[in-house]
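Everything on this sheet refers to the single structure shown next.
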Amino acid sequence: MSNKYQEFSGLNLPSIEQAILAKWSESQAFEKSVELRNGATPFVFYEGPPSANGMPGIHHVISRTLKDLVCRYKTMQGFQVKRKGGWDTHGLPVELQVEKELGITKEDIGKKISIEEYNQKCRETVLRYKDKWDELTRKMGYWVDLNDPYITFDNKYIESLWWLLKKLYDKGLLYESVSIQPYSPAAGTGLSSHELNQPGTYKDVKDTSAVVMFKAVKDAALTGSNWYKSIDFSGLQSDELFFMAWTTTPWTLPSNLGLTVGPNIDYVLVKTFNPYTHLPVNVILAKALLGKYFKPEGENGDFAGYKEGEKLLPWTIVASFKGKDIEGCRYEQLLPYEANSLEAIKSITPSADPFRIISGDFVTTEDGTGIVHTAPAFGADDYKVGKKFDIGILTLVDRQGRFVEGLGEFSSRYVKNYKDDADYVDVNVDISVKLKKENRAFKVEKYEHSYPHCWRTDKPILYYPLDAWFIKTTDLKDRMVELNKTINWKPKSTGEGRFGNWLENMVDWNLSRSRYWGTPLPVWRTEDGEEELCIGSVAELTEAFDKATAAGYNKDVKGIVDLHKPFVDDITLLSASGKPMKRVPDLVDVWFDSGAMPYAQWHFPFENKEIFAQNYPADFIAEGVDQTRGWFYTLHALGSLIKEDVHEELKKAGIAVNDTKYPGLAYKAVVSNGLVLDKNGNKMSKRLGNVVNPFETIDTFGADATRWYLITNASPWDNLKFDIEGIKEVQRKFFGTLYNTYQFFVLYANVDGFAFTEKYIPLEERPEIDRWILSSLNTLIKKVTLYMNDYEPTMAGRAIETFVDEHLSNWYVRLCRRRFWKGEYEQDKISAYQTLYECLETLVKLMAPVSPFFSDAVFCQLNAVTKRFNGGSIHHADFPVANEAAIDTDLEERMQLAQDTSSLVLSLRKKVNIKVRQPLQKILIPVLNPEMKAQLEKVADLITSEVNVKEIQYLTETEGIISKKVKPNFKVLGNKLGAKMKAVSAAVNNFTQHEIAEIEKAGKIALSVDGEEIVLNLNEVDITAEDIPGWSVANKGTLTVALDITLTDELKKEGNAREFVNRIQNIRKESGFELTDRIFVQVLDNALLRDSLTDFKNYICAEILADNLEYVSELQGGIEIEVNDTLLNVSVNKKG
RNA sequence: UGAUGCUUAGCUCAGCUGGUUAGAGCAGGUGCCUUAUACGCACAAGGUCAUCGGUUCAAAUCCGAUAGCAUCAACCA
């Protein structure tokens, strides 16, 4: 083992990473990092399963970086973090891809290709890019266990899902019902929301819309109501009242069963004329929408003189009332036929009580009339409100999109032109015409709106009642809302806002999908639907199967091999009464697959109950924000739904269960990261060609730089504008700086043989600057730990960046350089080495979670010499813990003061064009209080050497020398004075130097504002030194610095000497001399510089390691150099 | 259409419970190679804090409206 630190041969992150990757795999570093924490408190992480049927993109890198860094951090903190990987394998995208590749459509399945072959194809396709995913996982340094991943198509996985479904079924939480879903009559199929979200499905179309009039029935409820009694019928056109409702789909009118009003919306009764029939009518509509139908100039118009053809409708408001006042009123059916007779309605829904005014919150006064025509079969809202008020349901359109028989002249007509019939006559127009004629239409017009179309047939879809299976999530709503409050959401607003609202407005989970490749719903049913059986395990199925087989069924079925279609569909089971049962055709939503992963990944409850018990719930999960209503929801919903069953199973296994440990929560903390956009803020898409290839990025810039960039550029939950330039900057600025600092350390540590073998020098024996950087370092540890615990890696990373750049590299190392190469190897030097070593070692540990490669490389190279840590990788080490005793805030403050002072002096020098190499005599600093002076005195040496001045002069008694500025301390005074603040502020700003001196001396001053005497105390104003007349002054905050720019001959000479040294050093370097080579120098005598060189000869010789400096009158082969505008001939030679 | 979030320098981002010179980095500008680093350092310049209104002595910050962008949900009379 070498006792020399290994130097990097240039900063090449990708090649460093390759070496580290090789080492990791050879030493099984990941596995070891988990094993080392055996017996430690587990920190549970769930991997959201990616789908490997597509290529991974850069957005996967950010979410996986986030997951990885949390897991690595927690591991370093002493937790055991197992990370079981997983693959999402079912679902529509897989099917669509297979169909595309085979060139088939859904209709061909079961015809051109058997379901068995089709599903086989899906199974093959689904892990197509697994290799690519594995490669990315490896290269980006994502530590996840891919040796034993959960795979959602696995029989065991499906069996766990069946167990869950059975539990829900037994509790009555799994039920079949009708739901209103997008349906394409042209294609004869329901559409998933995914299909509805394909680009181009929403098109602007012009449809015939109608405002129709429903005639109120004067029954007891109506005439007995308060609002009816309030109407003065003497002024009315007639005693007929009409409710006006608007529709863009007149074909739904025969199926009308109710009218919905907003309970708190204001409605009015208006007397007027029907613009088509010109008959006098009284209509009811929302007050806010009057303007849509009536012109202001028609109000209280000439009723008597109104005749046909008159453009202006006279109208008068007769009465006003709220929606809730008319709730329950009845109206006459608009278009009565056989098919929608009350008998027909009752035959479907015996309890139905249709043709009433009902109320719903979804009603708005944005458009229409504020009264919504309600046909429960053809709208989700309609269905819901219809069900609530039990008005029945009529589906007078068949699955081809045709009216059913029994609708008179409309029977059998297509409600939209689904067949591309050139002679198609729009039935909506005919219905409108009929209503016009019957004095039942008030306004008919073409209305343009966007309407969804089937992506396959391009025909308009309609909303249609279809059978579907649901999970009754609404039953558990309160629990889910309560539990959500205990989840640590990052960012918080997503949990409270987006997710919280989603929970508040939750509807039952529509679970079923009419597809082929997915988890089958384990429900078997007799043909008449009377008997049903839900299967909860393979054992149950086997038993039932055997029973049915014994009864003579399943002759051609081999047995239970695969829980997918078509195999399970071939299985016939026997009902309790001995009838055959077939499986219902539905599959379950793939979101159920992923939401069930906490259980199914361990094949719970069939196996691994102890493992499950230790790994539930998750301490942390992270995915894209698009998963809020996806995975985050399904995990949460299932956690709530299945709580008691989980308790029961764990108890059975003798595992202690309580609500604190298993509250029915699937995860305790969740980070939802934003999207990755291109550098212009556009979404990345293949079409635009702005997709960033993660492999290229990592190969070119390294995973560390990429990860660091992704994490520090923006908070994970903000959208990230991905710009390659940003990665380059990170590489240069951050990794470059750290690299140089390491190389610097190694350069000298190798010379001196520093191996941290000397005993740790106590802080109080170290110089100020060492104590300062160690104080800052420990402050940094505190900050980083706090941020990391709060899932704020961005803040953590930025804090590390600042430390490396501003504190360590550009202050500590810069100021301490001499200590490393000058002098003997004794206490001060060792102190410097120990300090810098500690900084480097701690830093790489702090950054290890985010940049796992470079940190490990540096750490191992440091450790190879010092062997302070007994282990193979930084990821096996413990995260640094801050040493409070090392933190000295006063010290950090005064070092800041030194940095600020230096910066001000440099600024002044630049202003007057005097370079730093030219020494100056002094700077003046007005000190406002003794503390400030004391602080400055401690760092005076640092400042003077840094800015090359001889001394600092402190100004305490300042009246007359410097001019001061005073301003009110708004925070303090604002509270005290309130409204008088403005006047006082003006007065204070006008203080003379004398008044400022007075308040400083007396500690208070009285002033008269608006005739009132107000006493100001010293602590209520901020006094700063602003200017020193005749001096060059700069200030920052309360710090003011003046620079004496007088150049005496002495100073000039010294400046020349320094310039000369600089030139000689350059020559040394150019000549390739070793650092320790002694030289001798000859200078061709020059009158202008002679004094400078003689006076500072000793200094010069010491600096340039010259044994002698000779003045000669003649010089051959010399080099011409320029020293402050004077040319000089010198020769520099190595000695010996 | 709704919910949520965002809008601060040319670009990427800070700015805590309101307090008076709104901060960094990059790019651009100027100047600097003192034995770590020119892939660097220093300095200076860059702003109607999206717009309008309100609350307040005081608003980038709190409230309301508008516009634009984004995500999700929906598109319904």
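Each value in this text was obtained by applying a stated rule to the coordinates, not by laboratory testing. From a predicted model like this one, the values you see are computed outputs, not experimental measurements. Here the Cβ positions follow ideal geometry from the backbone for every residue, glycine too, while neighbour counts run over all protein chains shown.
Key figures for this structure:
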item: log₁₀ of I(q)/I(0) at q = 0.09 Å⁻¹ - chain A, Debye sum with one point per alpha carbon; result: -1.15
item: Given charges at beta-carbon only (K, R positive; D, E negative), |dipole| of the range A:1049-1134 in Debye; result: 220 debye
item: Nearest-ten-degree value, helix A:13-27 long axis tilted from longest Cα axis of chain A; result: 70 degrees
item: Spin-label pair A:Tyr424/A:Val1112, simplified geometry with 7 Å Cα→Cβ offset, distance in nm; result: 10.5 nm
item: Rounded tilt (10° steps) of A:631-641 against the dominant C-alpha axis of chain A; result: 60 degrees
item: Amide proton proximity set for A:His453, modelled H, under 5 Å, gap of 5+; result: A:Tyr202, A:Lys203, A:Ile461
item: Within straight-line cross-link reach of A:Lys679, lysines at Cα separation under 27 Å, skipping those fewer than 8 residues along the same chain; result: A:Lys67, A:Lys132, A:Lys139, A:Lys490, A:Lys492, A:Lys721, A:Lys728, A:Lys733
item: Gain upon complete extension [A:Arg399, A:Glu648; 0.36 nm per residue less C-alpha separation]; result: 85.1 nm
item: Amide H contacts of A:Ser575 (H built 1.01 Å from N, under 5 Å, at least 5 apart or other chain); result: A:Met581
item: Backbone HN-Hα couplings from phi across the range A:699-704 [Karplus 6.51/-1.76/1.60, Hz, Gly and Pro as x]; result: 5, 7, 10, x, 5, 4
item: Cα-projected label distance for A:Arg456 with A:Asp528, points at 7 Å along beta-carbon direction, nm; result: 3.5 nm
item: Antiparallel DSSP beta bridges within chain A, percent to nearest 5; result: 70 percent
item: Förster radius 25 Å - calculated FRET efficiency between A:Glu1103 and A:Ser1032 (Cβ-Cβ, nearest 0.05); result: 0.30
item: Prolate/oblate/rounded call for the range A:820-859, Cα gyration tensor, a/c under 1.5 rounded; result: prolate
item: Mean separation of Cα contacts under 8 Å, 6 or more apart, over the residue count of the range A:723-887: relative contact order %; result: 30 percent
item: Pair A:Glu758, A:Ala288: separation of 7 Å Cα→Cβ label points (nm); result: 8.0 nm
item: Estimated 222 nm signal from helices in chain A, with DSSP H stretches of n ≥ 4 weighted -39500 (n - 2.57), rounded to 500; result: -11000 deg cm²/dmol
item: Percent RCO, i.e. relative contact order, over the range A:456-527, from Cα pairs under 8 Å lying at least 6 residues apart; result: 42 percent
item: Per-pair calculated FRET efficiency, R0 = 56 Å: A:Arg818 and A:Gln120 via Cβ, rounded to 0.05; result: 0.15
item: Nearest-0.05 FRET efficiency for A:Met55 and A:Lys485, computed from C-beta distance (R0 35 Å); result: 0.35
item: Derived scalar couplings ³J(HN,Hα) [the range A:1087-1099; Karplus, 6.51 cos²θ - 1.76 cosθ + 1.60; whole Hz; x for Gly, Pro]; result: 4, 5, 10, 4, 4, 4, 6, 6, 4, 10, 4, 4, 4
item: Gain on full stretching of the segment that runs from A:Ser27 to A:Glu409 - 0.36 nm per residue minus C-alpha separation; result: 129.3 nm
item: Residue order, fewest to most beta carbons within 10 Å, for A:His59, A:His90; result: A:His59, A:His90
item: Which of A:Tyr129, A:Tyr73, A:Tyr1111 has the fewest Cβ neighbours within 10 Å, and the rest in rising order; result: A:Tyr1111, A:Tyr129, A:Tyr73
item: Radius 10 Å from Cβ of A:Gln918, net charge of other residues (Lys, Arg +1; Asp, Glu -1); result: +3
item: Qualifying GluC sites (Glu not before Pro) for the range A:526-566 [loop in DSSP, other Cβ within 10 Å: at most 13]; result: A:Glu527, A:Glu530
item: Filter on A:Lys82/A:Lys782; A:Lys910/A:Lys938; A:Lys643/A:Lys668; A:Lys74/A:Lys130 - keep pairs with C-alpha separation over 19 Å; result: A:Lys82/A:Lys782; A:Lys910/A:Lys938; A:Lys74/A:Lys130
item: Shape of the range A:311-437, Cα gyration tensor, a/c cut at 1.5; result: oblate
item: Tilt relative to chain A, helix A:115-125 - C-alpha long axis, 0 to 90 degrees, to 10; result: 10 degrees
item: Extended-chain gain in nm, criterion 0.36 nm per residue less alpha-carbon gap, A:Asn929 and A:Leu1018; result: 30.8 nm
item: Antiparallel bridge percentage (DSSP; both residues within the range A:210-441; nearest 5); result: 80 percent
item: Amide H within-cut-off set for A:Gln181, under 5 Å, with H built and near neighbours excluded; result: A:Tyr464, A:Leu466
item: Chain A, relative contact order [Cα under 8 Å, separation at least 6], %; result: 12 percent
item: Calculated from backbone phi, Karplus (6.51, -1.76, 1.60) coupling profile of the range A:460-475 in Hz, x at Gly/Pro; result: x, 7, 9, 8, 9, x, 10, 5, 7, 9, 10, 9, 7, 5, 4, 4
